[in-house]
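S.K.: Can you read through this structure? Questions will come right after.
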Amino acid sequence: MGASIVVVEYDPSWVQLFEQLRDFVLPVLSDLEVKIEHVGSTSVPGLAAKPIVDIDVAVSTQGDVHTAIQGLATLGYVHEGDLGATGREAFIPPDGIPWHHLYVCTVENAEYKRHILFRDYLRIHPNDAKMYGDLKMELARRFHNDRVAYSNAKSDFVKEILKQAGWK
């Protein structure tokens, strides 16, 4: 099922890559009230991760989502639709840009709120972040070529962290 799963130790350069990517997209979004957030495991210092930066672009309204889609297209981003996460639009990066995951949604989107809550919890609970990283390393070894099994095997841990963080 797709490429092999690779989880590596935390790399501080992920922060700089996020900043470069944020600065790349910001000019086409500058007319919008926007939050551009580094989310996912690469956004948590010390956390082992698949070396792919995840970015959430959160805007105020659904109309702004459409404006953002149009702006990102001028940079070469290819809109993929919501990929099953209602209200969160996914993009393929332009050629010549490091591979990353970029999503656009409103600030009220549940996936956006979940991403921020999970990230912020792990940032202030390094022991839980370490346990999550160790789990991901083990699962990447066990499910090296099966992304669905890898994701499913992480889900109970993720749900427990979200519960501890106050997710309803």
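The values are calculated or read from the model by the stated rules, or taken from the named source; none is laboratory data. Values in this document were obtained by computation on a predicted structure and should not be read as measured data. With ideal geometry, Cβ positions are generated from the backbone for all residues, glycine too; neighbour counts draw on all protein chains shown. Please note that ligands, DNA and RNA were not included when accessible areas were found on the heavy atoms of the full protein model with its side chains. Shrake-Rupley method; radii C 1.70, N 1.55, O 1.52, S 1.80 Å.
S.K.: So for the pair VAL6, ARG141, with labels modelled 7 Å out along Cα→Cβ, what separation do we get in nm?
M.R.: 1.8 nm
S.K.: Next question. In what sequence, largest accessible area first, do TRP167, TRP99, TRP14 appear using a 1.4 Å probe?
M.R.: Largest accessible area first, the list is TRP99, TRP167, TRP14.
S.K.: Test of the criteria: in region 2-58, which GluC sites (Glu not before Pro) are in a DSSP loop and have at most 11 other Cβ atoms within 10 angstrom of their Cβ?
M.R.: GLU9, GLU33
S.K.: Taking Cα atoms, how many degrees apart are the long axis of helix 62-74 and the longest axis of the chain, rounded to 10 and kept between 0 and 90?
M.R.: The helix 62-74 is inclined about 90 degrees to the chain.
S.K.: Would you tally the net charge around VAL34, using a Cβ to Cβ cut-off of less than 11 Å, leaving VAL34 out, and scoring K and R as +1, D and E as -1?
M.R.: My count for the surroundings of VAL34 gives -3.
S.K.: Under 1.5 on a/c is rounded, so check that first for region 1-115, then, if it is not, pick prolate when a/b is larger than b/c and oblate when it is not; a ≥ b ≥ c are the square roots of the alpha carbon gyration tensor eigenvalues.
M.R.: Note, shape of region 1-115 comes out prolate.
S.K.: Which residue, chosen from ILE161, ILE69, HIS79, occupies the Cα position most advanced towards the positive end of the dipole of the chain, where the dipole is computed from +1 (Lys, Arg) and -1 (Asp, Glu) charges on Cβ about the Cα centre?
M.R.: The listed residue farthest towards the positive side: ILE161.
S.K.: Then there's this: Test of understanding: express the Cα radius of gyration of region 41-168 as a ratio to 2.2 N^0.38 Å, with N the residue count.
M.R.: 1.13
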